[in-house]
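Report on the following structure.
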Amino acid sequence: MESDSVPQADIADVPTTLDDSVILLDVREDDEWQRGHAPGALHIPMGQIPDRIDEIDSSATLYVTCMGGGRSQRVAQYLAQNGYSPINVSGGMLAWAGAGRPVVTDDGGAGVV
């Protein structure tokens, strides 16, 4: 394994309930987030992570997601290099929705991925 590799989580291993101890960091762009996201997820688009890294609680269990797992892998590697212990969500939000988990819009309505 490469030294910059980060743990991968199958969607079945990602908690469905998010609280202060568990963060699901969604690094998709604003338009993707607005179409639908996991309830309770933290949204920081990939390009804003360096400027907003302080918004991420380093003591929480940190899952990183995007649409399919590629961007979140890069963000997770960056976070790992900056003292975090991120876990990349394999399959991203496509896997989340595919597992029948809730996807909502900002107003609480049903969303799409």
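The values are calculated or read from the model by the stated rules, or taken from the named source; none is laboratory data. Just so you know, these numbers come straight off a predicted model, no measurement behind them. Glycine gets a Cβ as well: all are built from the backbone with ideal geometry, and neighbour counts include every protein chain shown. Accessible surface is based on the protein model in full, side chains and every heavy atom, while ligands, DNA and RNA are left aside. Shrake-Rupley method; radii C 1.70, N 1.55, O 1.52, S 1.80 Å.
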- Those residues of the stretch 2-50 which are open to solvent by 40 Å² or more (accessible area, probe 1.4 Å) and not in a loop (DSSP other than H, G, I, E, B), in sequence order: Gln8, Ala12, Asp13, Asp30, Asp31, Gln34, Arg35, Leu42, Met46, Gly47, Gln48, Pro50
- Note on the structure: Filtering the stretch 85-113 down to residues that are part of a loop (DSSP other than H, G, I, E, B), polar (S, T, N, Q) and closer than 25 Å to Pro50 by Cα yields Ser85, Ser90
- Go through the stretch 43-69 and count every residue that is charged (D, E, K, R) and touching a residue at least 12 places away in the same chain (Cβ under 8 Å). 2
- Can you give me the number of residues within the stretch 70-84 that are without any contact (Cβ under 8 Å) to a residue 60 or more places away in the chain, of a type outside the set (A, V, I, L, M, F, W, C) and either touching a strand residue (DSSP E or B) at 6+ places or on another chain (Cβ under 8 Å) or part of a helix (DSSP H, G or I) (or both)? 6
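Yes/no per residue for (1) surrounded by fewer than 18 Cβ atoms within 10 Å (Cβ to Cβ); (2) within 12 Å of Gly36 (Cβ to Cβ); (3) at pLDDT 95 or above:
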position: Leu62; (1), (2), (3): no, no, yes
position: Val75; (1), (2), (3): no, no, yes
position: Tyr84; (1), (2), (3): no, no, yes
position: Ile87; (1), (2), (3): no, no, yes
position: Ala97; (1), (2), (3): no, yes, yes
position: Gly100; (1), (2), (3): yes, no, yes
